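The values are calculated or read from the model by the stated rules, or taken from the named source; none is laboratory data. Predicted, not measured: the structure shown is a model, and the values here were computed from it. Cβ coordinates were reconstructed from backbone atoms using ideal geometry, including for glycine residues, and neighbour counts include every protein chain displayed.
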Amino acid sequence: MNLNQRLELTWIGKSKRNKLEPRIFLEDSTLSHMNFSLKNENATTDNLIIKGDNLLSLKSLISDYSGKVKCVYIDPPYNTGSAFDEYEDGLEHSMWLSLLRERLVLIHELLSEDGSLWVSIDDNECHYLKVLIDEIFGRKNFLSTVCWQKKYAAKADSKYLSESHDFILCYAKNIDKVMINRLTKGDKQNSRYKNTDNDPRGPWKAGDTLRNEVRDYAIFPVYGPNGEEHWPSDGTSWRYTKDKFDELIKDNRVWFGKNGNARPAIKRFLSEVDTTMPVTTWWSHEDAGHNDEAKKESKALFGKGIFSTPKPERLLEKIIKIATKPGDIVLDSFAGSGTSGAVAHKLGRRWIMIELGEHCETHIVPRLKKVIDGEDQGGITKAVNWQGGGGFRYLRLAPS
């Protein structure tokens, strides 16, 4: 087989494409909300909540937003065959693929050249979905698959394996231009640095001085402060030449342990290392929240009207911080309970949310009003020092 040959997923009804005509949006000013009394330079006002079919809504956004959306996050139905209060999650497989394909084509058009797509999914459809997105975005634009630990304990009544994670498929619009931010190191990472010898350059941590390969010029004895001789272990050599090692020892950048007779280690100072780090593909519940946390957030917001399948605010915070900067547009066309918009607003991003269900008015609108009025004290509010402000417009699709 030709390795350059393009492979495609096939299913019944794939060739059938909906013919869509864009519609105009009509604002319902009784549900739109602005709060200019709370002065906040990070608050955004040109945000949209759209009530209507997300396929038609995405098509209608093209004229104004094509190539302008920096980050798209979607949490589509996982097609598990389950029934939830807010939506039916049991479409026939081919129908589910067609539903996603039509929307992903429009999402691709809306994304900016440096933008990215993030899709939450589980094992049931993940691998089919990846092949589908490969067709639309191109395999070369696949960034990675994130594993998010949605549960922190085993489910005792699991029939086979207890599922602990969901996937997040990550794609660039253009792999050569995509913007992916590094994360700022926190207290957890910085706590590894100590100042055992009261070095005036501040906290440091020990690094390895060995390389796992034999280089003859880097095999020589190194003498500690007590005169003890140290050699590389079998199959290794020093990372540095003899002249460089002598220079590092003279500059007090080599640590021989508290008693001066341990194998030499290099001192890496906190003040000299990068304050950021690349994002990994394993997101633990400690760093990105979990299902129970999301349900507690939902209960605090909606009381008895708790949403069935919410995502924690910390999960969306991580995605939005990685994929955008303040002022960028975040789009969620499966808005659910409105977590993406709430988090984007608190982070000073612009946002667009689309939702067809009645919870657009029962959950999303009241939630965003609380965020804007500074009444939402849950989720990431305190961590990002959100004080309120900004606003949104509530739009409905005009009739055909």
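The single condition from (1) farther than 30 Å from VAL279 by Cα; (2) surrounded by 16 or more Cβ atoms within 10 Å (Cβ to Cβ); (3) in contact with a Pro (Cβ under 9 Å, 6 or more places away or on another chain) that LEU210 fails is (1).
Entry remark, the stretch 251-280: residues being surrounded by 13 or more Cβ atoms within 10 Å (Cβ to Cβ) and assigned to a loop (DSSP other than H, G, I, E, B) number 9 in total. In this structure, MET34 does not satisfy being at pLDDT below 90 and not in a loop (DSSP other than H, G, I, E, B). Regarding the stretch 142-154, can at least one residue be identified that is without any contact (Cβ under 8 Å) to a residue 60 or more places away in the chain, out of contact with any strand residue (DSSP E or B) (no Cβ under 9 Å at 6 or more places or on another chain) and farther than 22 Å from GLY115 by Cβ? Yes, some residue in the stretch 142-154 is without any contact (Cβ under 8 Å) to a residue 60 or more places away in the chain, out of contact with any strand residue (DSSP E or B) (no Cβ under 9 Å at 6 or more places or on another chain) and farther than 22 Å from GLY115 by Cβ.
Restricting to the stretch 362-384, name every residue that is assigned to a loop (DSSP other than H, G, I, E, B), of a type in the set (S, T, N, Q) and either modelled with pLDDT of 95 or more or closer than 20 Å to ILE352 by Cβ (or both).
Of everything in the stretch 362-384, just one residue is assigned to a loop (DSSP other than H, G, I, E, B), of a type in the set (S, T, N, Q) and either modelled with pLDDT of 95 or more or closer than 20 Å to ILE352 by Cβ (or both), namely THR381.
Checked against the criterion of being hydroxyl-bearing (Ser, Thr, Tyr), more than 30 Å from GLY202 (Cα to Cα) and in contact with a Pro (Cβ under 9 Å, 6 or more places away or on another chain), the candidates SER298, SER233, SER271, SER308 yield just one match: SER298.
Among the residues of the stretch 337-359, the ones that are touching a strand residue (DSSP E or B) at 6+ places or on another chain (Cβ under 8 Å) and either within 12 Å of LEU301 (Cα to Cα) or modelled with pLDDT under 95 (or both) come to 2 in all. Note on the stretch 224-250: residues that are surrounded by 13 or more Cβ atoms within 10 Å (Cβ to Cβ) and either charged (D, E, K, R) or free of Cβ contacts under 8 Å to residues at least 40 places away in the same chain (or both) amount to 16. Inside the stretch 284-309, residues that are more than 26 Å from ASP187 (Cα to Cα), without any contact (Cβ under 8 Å) to a residue 60 or more places away in the chain and among the aliphatic types (A, V, I, L, M) make up a count of 1. Any residue at all in the stretch 21-29 that's modelled with pLDDT under 90, more than 23 Å from the chain's Cα centre (by Cα) and of a type outside the set (Lys, Arg)? Taking every residue of the stretch 21-29 in turn, at least one turns out to be modelled with pLDDT under 90, more than 23 Å from the chain's Cα centre (by Cα) and of a type outside the set (Lys, Arg).
Can you confirm whether the stretch 381-392 contains a residue that is hydroxyl-bearing (Ser, Thr, Tyr) and more than 18 Å from ALA294 (Cα to Cα)? No, every residue in the stretch 381-392 fails to be hydroxyl-bearing (Ser, Thr, Tyr) and more than 18 Å from ALA294 (Cα to Cα).
Among the conditions (1) loosely packed, with under 12 Cβ neighbours inside 10 Å; (2) in a loop (DSSP other than H, G, I, E, B); (3) at pLDDT 95 or above, ASP64 misses just one, which is (2).
Here MET353 fulfils each of the conditions (1) surrounded by 24 or more Cβ atoms within 10 Å (Cβ to Cβ); (2) over 20 Å from ILE50 (Cα atoms); (3) touching an Asp or Glu at 6+ places or on another chain (Cβ under 7 Å) apart from (2). Looking only at residues in the stretch 302-336 that are in contact with a His (Cβ under 8 Å, 6 or more places away or on another chain) and within 13 Å of ARG367 (Cβ to Cβ), the one that is modelled with the lowest pLDDT is GLY305.
Checking each residue in the stretch 337-350 for being in a loop (DSSP other than H, G, I, E, B) and surrounded by 24 or more Cβ atoms within 10 Å (Cβ to Cβ) picks out SER337, GLY338, ARG349.
Only one of the numbered conditions (1) within 30 Å of LEU48 (Cα to Cα); (2) modelled with pLDDT of 95 or more is violated by TRP282, and that is (1). Output yes when any residue across the stretch 28-47 is surrounded by fewer than 21 Cβ atoms within 10 Å (Cβ to Cβ), touching a residue at least 24 places away in the same chain (Cβ under 8 Å), touching a helix residue (DSSP H, G or I) at 6+ places or on another chain (Cβ under 6 Å) and closer than 23 Å to ASP134 by Cβ, and no when none is. No: zero hits.
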